[in-house]
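Engineer: Below is a structure I'd like to ask you about.
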Amino acid sequence: MSHTIRTRLIVAAAILLAAIVAVFGPGLLGDYFTRILLLICMNGVLVASLGLCNGFTGVFSLGHVGFVATAAYVNGILSLTAEQSASLLPNLPAWLSGWGMHFLPATLIAGLVTAALAALVGLPLMRLSGHFVSVATMGFLIIVNGVLVNADEFTRGSRTFTGVPLDTTLPWAMGWLVITLLVLARIIYSPIGRAMRAVRDNAIAARGIGINVLRTRLLAFVVGAFFAGVGGSLYARYLGSFSPATFYFSMMINQIAMLVLGGMGSLSGAMIGVVVIGTMTELLRALERGFSIDGVTMPPLFGASQIALGLVFILIMIYRPTGIAGGREIVLWPRTSTRPAPSVEEAPSRN
Amino acid sequence: MATLEAAPETHDAAAAPPLLAITDLTVSYGPVRALKGVSLHVEQGEVVALLGANGAGKSTTLRAISGLVRPRAGDIRLRGSSIMRLPPAKIVRNGVAHCPEGRRVFASLTVAENLRLGAASREDASGVDEDREKLLSLFPILRTRRNQTAGTLSGGEQQQLALARALMARPSLLLLDEPSLGVAPLLVRDIFRTLGQLKRQGVTMLLVEQNLSLALDIADRAYVLRTGEVRLSGVAEDLRDGERVAEAYLGSR
């Protein structure tokens, strides 16, 4: 009992801290650090939701960004005022134009659209396993990109979609991150989450004890897609202008890298990946411009940040293939009752 | 085949239907026919062994019963009503638990979580807790390991966990696929002693096993499968005569 009370206290403290940072952060940190924090929050939403499917059900989806892209455009179209859509998207159907919709309702609608899309796409795809499902979901991403590039009257095609109000402030991004993590934690550490991990560990045995594998995977895919939609909406109103290429392979690879390096199979892993890669990218970018401390000058080394980042990826995969968090949740205060260590004395001798 | 008596699967229409009755079951994996018209039955409270060489169709039979593979023809009836087209989850709810081959435990979940998942099809929370306690007494090693992840258990412990997990569903029919596979001989004895205990408690089992003498020790009746057909069946004691079983296993010499 005291355990749940303590968990609640920690969660409440974390929410309070997030609220304080979100409200006072921009004033104290300045634009540069606020932007880094904002990116971390947005990527946190995207990578944590990616981790629900990829880390907990064993369906390694490469199609997450397809939902991000869809949501960015849905939110973008809904945000345009009548004059804007008349000049930018003159051929937009009347029922879609001139909504000038607020951030929150547009985000919710975008999330519901991507969730519905995920249900549709997932019904055939979630029957697949292993690398088959990865390639198939990547096919979904390619299709989404193809549609966005060619649906000129809705998206301006490959030209930049612009005019989206820059509404994504730190409180919005932080708020959605908190909601995302709370909802995902609620799912993951419930009987449904246990069923997801069972499906990941052994789909055949899971089926044998009466778990509906398709339904379990589909649920993770749909919930993940909803938050991908939220993240896409945040991105749309952060960037203001974007094109289909913004939400394509490089974004997908970036998110996969964050998830895998942080550690699949735990929410803390996803967040660690986002924070580590997010800050490291910025740090390396600053270093590569060159600097001088106490008379020691470092000449600019353009491109060094990419190389260093790649090296870090390789090293982590060699020395910690399960990611930084290693599939476990990182707890600030370790539980009082620790798990008994595996029986070293008998395990190797048997069989 | 004339030398072998394939006991005809007849049933008194007036009597209560058997717990499990399979008639003319045919299963194909693509072009390969794994089962070619298998018929067998299991009565309430019976332990029936399914014997045969590798690839004879033993595991396929169990998988067909629990809905993991879709039969091409035939019928599978549980207490007289067909379960053949039901999804696996419904079949579990109808009281059939499958303990699959090769210790398929959920390696990243704890022993306790594995057990709780075994009862995923049940809604009586208090009964589930009670059964978990009973099973932890039946398999004391699992009690000492209950907060360990299943992947850290030894092979024999994983097999016991898989068995306990299947029993958590409180099945009226337990399908056991090679409980001795890859388990140290000493532990195999333990596992079969536990199976004997379960039998005395009235648990009905359909047991697939490569170890003939172990299987015939515990079974009431047995069927010998070869290349997807029942070649021999009868009361377990009668099958102890190795000659005929060997013939059914390997074909006539």
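Bear in mind these aren't lab numbers, they're just calculated from the coordinates by the rules spelled out. On a predicted model such as this, the values are computed, not experimentally measured, just so you know. Because the Cβ atoms are built from the backbone with ideal geometry, glycine has one as well, and the counts that use them run over all protein chains shown.
Engineer: Provide the per-residue ³J(HN,Hα) series for the range B:140-154, in order, calculated from phi with Karplus coefficients 6.51, -1.76, 1.60 and θ = phi - 60°, each as a whole number of Hz, with x at glycine and proline positions.
Structural biologist: Values per residue, Gly and Pro as x: x, 5, 5, 5, 6, 9, 4, 9, 8, 6, 4, x, 8, 7, 6 Hz.
Engineer: Further question on the same structure: With θ set to phi - 60° and the Karplus curve 6.51 cos²θ - 1.76 cosθ + 1.60, what are the ³J(HN,Hα) couplings of the range B:55-60 in order, to the nearest whole Hz, using x for Gly and Pro?
Structural biologist: Along the range B:55-60, the couplings run x, 6, x, 5, 5, 4 Hz.
Engineer: In addition: How many Cβ atoms of partner chains, on average, are near each residue of B:144-156 if near means within 10 Å of its Cβ?
Structural biologist: Average neighbour count from other chains, rounded to a whole number: 4.
Engineer: Taking amide H atoms as placed 1.01 Å from N in the peptide plane, list the residues 5 or more away in sequence, or in a different chain, whose amide H sits under 5 Å from that of B:Thr110.
Structural biologist: B:Ala150
Engineer: Sticking with this one: Quick one: 3J(HN,Hα) in Hz for the range A:267-278, Karplus 6.51/-1.76/1.60 with θ = phi - 60°, rounded, Gly and Pro as x.
Structural biologist: Computed from phi, the couplings for the range A:267-278 are 5, 5, x, 4, 5, 4, x, 5, 5, 5, 5, x Hz.
Engineer: Which Cα, out of B:Leu207, B:Val32, B:Tyr223, lies furthest along the positive dipole direction of the range B:20-250 (beta carbon charges, K/R +1, D/E -1)?
Structural biologist: Toward the positive end, the furthest listed residue is B:Val32.
Engineer: Need one number: % antiparallel among DSSP beta bridges in chain B, to the nearest 5.
Structural biologist: 55 percent
Engineer: What is the dipole size for chain A, taken about its Cα centre, with +1 at each Lys and Arg Cβ and -1 at each Asp and Glu Cβ, in debye to the nearest 20? The partial results should precede the final answer.
Structural biologist: Numbers: 21 positive and 12 negative charges, 213 e Å.
Approximately 1020 debye in magnitude.
Engineer: If each Cα of the range A:34-142 is one equal point scatterer, what is log10 of I(q)/I(0) from the Debye formula at q = 0.12, 0.15, 0.22, 0.24 Å⁻¹?
Structural biologist: Each listed q corresponds, in turn, to -0.53, -0.76, -1.15, -1.24.
Engineer: I would also like to ask the following. When chain A is treated as a GNM, springs tying every alpha-carbon pair under 10 Å, which of A:Ala308, A:Ala22, A:Ala220 comes out with the largest mean-square fluctuation?
Structural biologist: Its mean-square fluctuation being the largest, the pick is A:Ala308.
Engineer: Which far-off residues, 5 or more places away or on another chain, put their amide H under 5 Å from the one on B:Val47, with H placed in the peptide plane?
Structural biologist: It is B:Met205, B:Asp220, B:Arg221, by chain and number.
Engineer: Further question on the same structure: Taking H as built 1.01 Å from N, whose amide H comes closer than 5 Å to the amide H of B:Ser39, not counting residues under 5 places away?
Structural biologist: Here the answer is B:Asp24, B:Leu25, B:Val230, since their amide H atoms fall under 5 Å of that of B:Ser39.
Engineer: Average partner chain C-beta neighbours within 10 Å, per residue of A:195-204? All intermediate terms of the calculation are to be shown ahead of the outcome.
Structural biologist: Values: counts 3, 0, 6, 8, 1, 4, 11, 10, 1, 8.
If you average over the peptide's residues, the count of other-chain Cβ atoms is 5.
Engineer: Could you compute the net charge surrounding A:Thr137? Neighbours are other residues with a C-beta less than 15 Å from the C-beta of A:Thr137; K and R count +1, D and E count -1. Could you put the intermediate results ahead of the total?
Structural biologist: Numbers: positive: A:Arg127, A:Arg217; negative: none.
Around A:Thr137, the charge tally is +2.
Engineer: I'm a student and want to see the number: the projected area of the Cα convex hull of the protein assembly as shown, averaged over all directions, in nm².
Structural biologist: 35.7 nm²
Engineer: For chain B, the longest stretch holding no GluC sites (Glu not before Pro) located in a DSSP loop with at most 13 other Cβ atoms within 10 Å is which?
Structural biologist: Longest stretch, sites excluded: B:124-253.
Engineer: Per residue, what volume in Å³ does the convex hull of the Cα atoms of chain A enclose?
Structural biologist: Dividing the Cα hull volume of chain A by its residues yields 194 Å³.
Engineer: Right, next: Among A:Ala257, A:Val296, A:Ile330, which residue has its Cα positioned farthest towards the positive end of the charge dipole of chain A, with +1 placed on the Cβ of Lys and Arg, -1 on the Cβ of Asp and Glu, and the dipole taken about the Cα centre?
Structural biologist: The Cα lying farthest towards the positive end belongs to A:Ile330.
Engineer: Could you work out the relative contact order of the range B:20-250? I mean the mean sequence separation of Cα pairs under 8 Å and 6+ apart, divided by the number of residues, in percent.
Structural biologist: Details: 451 pairs, mean separation 64.8, N = 231.
Value for the range B:20-250: 28 percent.
Engineer: How big is the range B:20-250 on each of its three principal axes, counting only the C-alpha atoms and giving the largest first in Å?
Structural biologist: In descending order, the Cα extents are 46, 37, 32 Å.
Engineer: Give the order of A:Met258, A:Met138 when sorted by the count of other beta carbons within 10 angstrom, beginning with the fewest.
Structural biologist: So the residues, fewest neighbours to most, are A:Met138, A:Met258.
Engineer: I would also like to ask the following. With +1 on each Lys and Arg Cβ and -1 on each Asp and Glu Cβ, how big is the dipole of the range B:20-250 about its Cα centre, in debye rounded to the nearest 20?
Structural biologist: Roughly 640 debye, rounded to the nearest 20.
Engineer: Once you put a point 7 Å from the Cα of A:Phe132 and another 7 Å from the Cα of B:Glu243, both along the Cβ direction, what distance in nm separates them?
Structural biologist: A separation of 4.9 nm, rounded to one decimal place.
Engineer: Where does the range B:38-103 land on Rg/Rh, using Cα atoms and the Kirkwood Rh?
Structural biologist: That ratio is 0.93, to two decimals.
Engineer: Projected onto the charge dipole of the range A:2-251 (+1 at Lys/Arg Cβ, -1 at Asp/Glu Cβ, origin at the Cα centre), which of A:Ala119, A:Gly231, A:Gly55 gives the Cα projection farthest towards the positive end?
Structural biologist: A:Gly55
Engineer: Next up: Top mean-square fluctuation among A:Gly193, A:Gly208, A:Gly146, Gaussian network model of chain A, C-alpha springs under 10 Å?
Structural biologist: Ranking A:Gly193, A:Gly208, A:Gly146 by mean-square fluctuation puts A:Gly208 first.
Engineer: Still on this model: When only DSSP loop residues count, what trypsin sites (Lys or Arg not before Pro) in the range B:50-150 have their Cβ near at most 11 other Cβ atoms within 10 Å?
Structural biologist: Values: sites: B:Lys58, B:Arg63, B:Arg72, B:Arg77, B:Arg79, B:Arg85, B:Lys90, B:Arg93, B:Arg103, B:Arg104, B:Arg116, B:Arg122, B:Arg132, B:Lys134, B:Arg143, B:Arg145, B:Arg146; in loops: B:Arg72, B:Arg79, B:Arg85, B:Arg103, B:Arg104, B:Arg122, B:Arg145, B:Arg146.
Qualifying residues, ordered by number: B:Arg85.
Engineer: Can you give the longest stretch of chain A with no exposed loop site, where a site means GluC sites (Glu not before Pro) in a DSSP loop (not H, G, I, E or B) with at most 15 other C-beta atoms within 10 Å?
Structural biologist: No qualifying site falls inside A:1-328, the longest such stretch.
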